[in-house]
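The values are calculated or read from the model by the stated rules, or taken from the named source; none is laboratory data. These numbers come from a predicted model, not from an experiment. Here the Cβ is made from the backbone with ideal geometry for all residues, glycine too, and neighbour counts use every protein chain on show. Heavy atoms of the whole protein, side chains included, go into the accessibility calculation; ligands, DNA and RNA do not. Shrake-Rupley method; radii C 1.70, N 1.55, O 1.52, S 1.80 Å.
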Amino acid sequence: MKRLLLLILCAGLLGPMAPARASAQQGPPGFDRSASNTRERIGENHWRLTGAVELDRLDMRIFAAQVDIYTDTHKADAVGNVLVTQGGDRISADRAVMDTTTHLGTFYHATGISTLSGTSAVNMFGTRDPDVYFYGDVIDKIGPKKYKITHGGFTTCVQPEPRWQIIAGTAIVNIGHYTILRNAVLEVKGVPLLYLPVMYYPTKKDDRATGFLIPQYGMSSIKGQSISNAFFWAINRSQDATVYNDWYSKTGTGVGSEYRYNYGQNSNGSFRAYLLNQHEAEYQSSSGVTTIPGQRSYEMHGTLNQALFAGLRARANVDYFSSLTALQTYNTNIYNSSLNQRNYGGNISGAWGAYNLNATMNRAEYFYGSQSSSVTGGMPTIDFTRSPQRIGSTPVYVSVASEWANLLREAQATGTPVQNTGLDRFDLLPTVRVPFTKWQFFTVNSTVSWRDTQYTRSLDPITRQITDSGLSRRYWDFQAQMVGPVLERIWDTPDNGFADKFKHSIQPYLNVERVSSIDNFNQIVQLDGVDAVVGPATNVSYGVNSLLFAKVKGGGAVSQARDILDLGFAQSYYTNALTAQYDQQYETSFTGAPPSHFSPMAFSLRAVPTTNYSATVRAELDSQYHALRTISVNGSAAFGRLIQTTIGWSHRGYIPELSGFNDPTQLDNYVNGSITAHTHSNRFGGSYTSNYDILRGTMLQLRLSGYYTAQCCGIVVDYQTYNLTGINTLLPIAQDHRFNISFTLAGIGTFGNFFGALSGTPATTMAPR
């Protein structure tokens with residue numbers, strides 16, 4: 001590397017100031033300018049320049065102790081401290097043989113520098129463009145920015161003593177495109193780390209480059225040691241693909257792929273698929289040897305958003321897996337690991353003036369253990385609506401909604417046949433609305449709806465078994481929604497350091513609904529909210545919202561009004577107690593609580609004093625026993641751009657007298673939190689996340705990750721401990737400890753593998769993708 005240090009020094013001296021030159025003299029033809037201490041004409045086509053030789057031709061400059069020029073063959077043979085510059089490229093060598101016309105040639109015992117440019121290079125390595133340094137016993141320049149290196153290597157580190165380099169028997173360095181190396185060895189701090197018979201390395205200025213990504217190494221109690229590899233294909237500016245390969249020493253291998261495209265809002269999507277081939281594995285524990293059988297499983301995840309003709313738009317999604325055990329074993333994200341649902345679906349929608357069409361096909365399956373499951377969805381569901389339209393100059397608005405649906409409902413428990421309660425349903429809902437908005441402090445919206453619903457199946461009122469007998473349901477729905485009187489007060493605070501003005505608004509509301517008689521309610525198969533209407537019934541919902549606004553001083557001259565604090569209370573009264581079991585306004589309506597004339601009391605709080613701090617609270621209190629049913633608290637804080645934190649707590653209360661809340665095994669009390677921090681230069685950083693079960697005193701998962709990045713390389717590590725029993729997976733293994741590590745090198749991206757290891761760290765977001 002001493003030659004490289006000398007080359008860097010020379011490159012700096014040849015920047016804005018050129019070295020001292022001899023006086024220009026009449027010399028060999030073919031050059032724009034030449035200078036040397038002495039020169040002689042040895043033959044008709046042979047010139048020799050000696051001592052501080054400098055030759056200029058177009059953008060190429062040659063410096064050497066001696067240069068022999070052959071005008072008939074357009075060849076220049078330079079020896080002694082040779083330095084050739086062209087554009088952003090510089091090569092120093094003991095000897096160089098150049099074609100003065102094509103600017104191609106061969107360099108012996110040479111070292112070169114070539115500068116990349118592009119936004120990606122600046123983002124990854126600081127404010128200056130990175131350089132590619134290469135050296136070799138022989139370097140052949142075979143193109144304007146293309147070199148063939150024999151017995152040499154290259155690096156993108158800008159230090160005089162590079163932190164890493166790749167040495168190879170032969171290498172083709174195509175600046176602005178790719179580098180192909182054969183018999184390559186990666187060295188970090190002079191220590192050989194990795195041998196590759198062939199290596200493909202991107203050296204292009206664009207922010208996305210095709211090539212292999214840095215491998216990952218990991219360890220796991222369940223999977224053993226692991227090596228993850230990936231190849232990234234930059235198809236074009238709007239499409240890319242990644243191919244994954246994973247090896248697990250204890251459990252087997254996996255291959256996967258991801259395809260993404262983005263043509264703006266009118267067309268974008270992604271698709272990920274993975275095939276896992278597991279072999280049988282044995283694990284030693286205090287209770288003996290546990291054997292997990294081998295299996296082959298797959299996962300698929302994808303989304304699609306595509307504009308079509310005539311104002312139509314198509315959307316699709318898939319989150320599907322073949323093995324619940326594999327899903328819960330391999331995923332790093334706690335949400336994905338505890339998932340028990342697989343689904344797929346598609347949708348086509350369009351709007352033409354006041355008319356809207358929405359056609360959806362979806363299927364979702366929920367698992368309860370390895371053998372029991374239930375299926376929901378619609379194949380298809382078609383909605384056609386006419387939005388509210390005013391009748392002449394009257395304050396009357398008319399709208400119509402209609403739906404036809406083939407609803408899927410299946411349930412299967414272990415050892416029992418599938419129970420199919422699906423049916424076809426047609427629903428028609430015309431509505432007339434009359435708003436009263438003359439007073440700003442008091443508004444009323446009155447609506448009258450008539451609903452006609454046809455079912456192809458129904459329940460036998462005596463046996464409660466589903467039959468193929470059709471059913472018709474018709475009822476009237478009268479509603480009045482009142483807000484007010486609204487009370488407001490404004491404070492001018494020009495000297496306040498936080499806001500110029502504050503506004504407090506108290507908004508009470510009262511909603512009254514009357515549903516006519518539905519005599520055949522007990523024969524309706526309850527599948528969703530359309531079916532869960534109880535009548536005859538009068539429902540009264542009431543509450544109050546207290547809002548605090550602030551006209552906050554921003555960075556500019558104009559202040560901006562923002563809602564900084566919301567407090568809310570809501571409750572409902574029902575003349576028909578059955579309604580309490582179907583009211584979708586409350587989270588605990590469907591938890592098995594008995595019928596009641598009163599809903600739970602719902603309290604809410606939302607505080608956003610600044611854009612860096614926020615908090616939300618939601619709680620429901622049982623109206624009969626005055627005990628807490630559920631509560632959830634979430635908050636976030638950001639301290640500048642250096643530290644971000646989140647915290648959450650959820651609790652399901654125990655009420656001995658209330659069914660649905662009197663089973664101690666079904667209670668929950670969870671807390672979760674995360675913190676992410678990095679230095680001003682983003683050289684050091686890390687994150688911490690955890691999920692803790694307070695009720696059972698169990699840490700469900702704890703994850704620590706950290707990274708260090710320098711100018712041209714870095715390292716990222718990730719440690720995670722998983723309590724698989726606490727997450728309620730199907731594995732006989734109680735706990736898994738996972739460790740993953742990867743390096744980052746300039747120009748080579750890193751990645752989070754298919755199951756999320758190392759995902760979300762700044763090091764993995766550096767991939768040229």
Quiz item: Which of the residues belonging to segment 629-674 are touching a Lys or Arg at 6+ places or on another chain (Cβ under 7 Å), among the β-branched types (Val, Ile, Thr) and modelled with pLDDT under 90?
Solution: none
Self-check item: Any pair with Cβ under 9 angstrom, 6 or more apart, that starts in segment 136-151 at a residue that is over 13 Å from THR170 (Cα atoms) and ends at one that is open to solvent by 70 Å² or more (accessible area, probe 1.4 Å) and assigned to a strand (DSSP E or B)
Solution: LYS141/LYS148; ILE142/LYS148; LYS145/HIS177; LYS146/HIS177
Quiz prompt | Residues located in segment 540-565, provided they are at pLDDT 95 or above and open to solvent by less than 20 Å² (accessible area, probe 1.4 Å) | solution = SER541, GLY543
Self-check item: Odd one out for MET300, checked against (1) on the phi < 0 side of the Ramachandran plot; (2) open to solvent by 40 Å² or more (accessible area, probe 1.4 Å); (3) not in a strand (DSSP E or B)
Solution: (3)
Exercise. Scan segment 508-524 and give yes if some residue there is over 43 Å from the mean Cα position of the chain (by Cα), more than 30 Å from THR376 (Cα to Cα) and open to solvent by 30 Å² or more (accessible area, probe 1.4 Å), otherwise no.
Key: yes
Quiz item: When you look at SER614, is it without any contact (Cβ under 8 Å) to a residue 60 or more places away in the chain, in contact with a Gly (Cβ under 7 Å, 6 or more places away or on another chain) and among the small types (Gly, Ala, Ser), yes or no?
Solution: yes
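Residues are listed down the side, and each one gets a yes or a no for (1) of a type in the set (D, E, K, R); (2) in contact (Cβ under 8 Å) with a residue 40 or more places away in the chain; (3) closer than 22 Å to TYR147 by Cα:
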| position | (1), (2), (3) |
| --- | --- |
| ARG39 | yes, no, no |
| GLY43 | no, no, no |
| ASP56 | yes, no, yes |
| MET60 | no, yes, yes |
| GLN66 | no, no, no |
| LYS75 | yes, no, yes |
| GLY80 | no, no, yes |
| ILE91 | no, yes, yes |
Quiz prompt | Residue selected from segment 134-148 under the condition of a type outside the set (D, E, K, R) and surrounded by fewer than 24 Cβ atoms within 10 Å (Cβ to Cβ), by the criterion farthest from ASP89 (Cα to Cα) | solution = VAL138
Exercise. Could you check PHE426 against (1) assigned to a strand (DSSP E or B); (2) farther than 23 Å from ARG474 by Cα; (3) open to solvent by 50 Å² or more (accessible area, probe 1.4 Å); (4) not charged (D, E, K, R) and say which number it fails?
Key: (2)
Exercise. May I ask you to list the residues in segment 207-254 that are β-branched (Val, Ile, Thr) and open to solvent by 20 Å² or more (accessible area, probe 1.4 Å)?
Key: ILE227, ILE235, VAL243, THR253
Quiz item: If you check PHE441, PHE367, which single one turns out to be without any contact (Cβ under 8 Å) to a residue 60 or more places away in the chain and either charged (D, E, K, R) or open to solvent by 70 Å² or more (accessible area, probe 1.4 Å) (or both)?
Solution: PHE441
Quiz prompt | Matching entry among PRO594, PRO600, PRO609 (being in contact with a Ser or Thr (Cβ under 7 Å, 6 or more places away or on another chain), open to solvent by 40 Å² or more (accessible area, probe 1.4 Å) and not basic (Lys, Arg)) | solution = PRO594
Quiz item: In the set ASP32, ASP59, which member is under 55 Å from the mean Cα position of the chain (by Cα), open to solvent by 30 Å² or more (accessible area, probe 1.4 Å) and not small (Gly, Ala, Ser)?
Solution: ASP59
Quiz prompt | Flag if THR385 is hydroxyl-bearing (Ser, Thr, Tyr), more than 21 Å from the chain's Cα centre (by Cα) and open to solvent by less than 60 Å² (accessible area, probe 1.4 Å) | solution = yes
Quiz prompt | Qualifying strands (runs of 3 or more DSSP E) (wholly inside segment 581-681; at least 1 residues being of a type in the set (A, V, I, L, M, F, W, C) and farther than 28 Å from SER546 by Cα) | solution = 628-639, 643-652, 668-678
Quiz item: Which number in (1) open to solvent by less than 40 Å² (accessible area, probe 1.4 Å); (2) touching a Ser or Thr at 6+ places or on another chain (Cβ under 8 Å) marks the one condition that GLN295 misses?
Solution: (1)
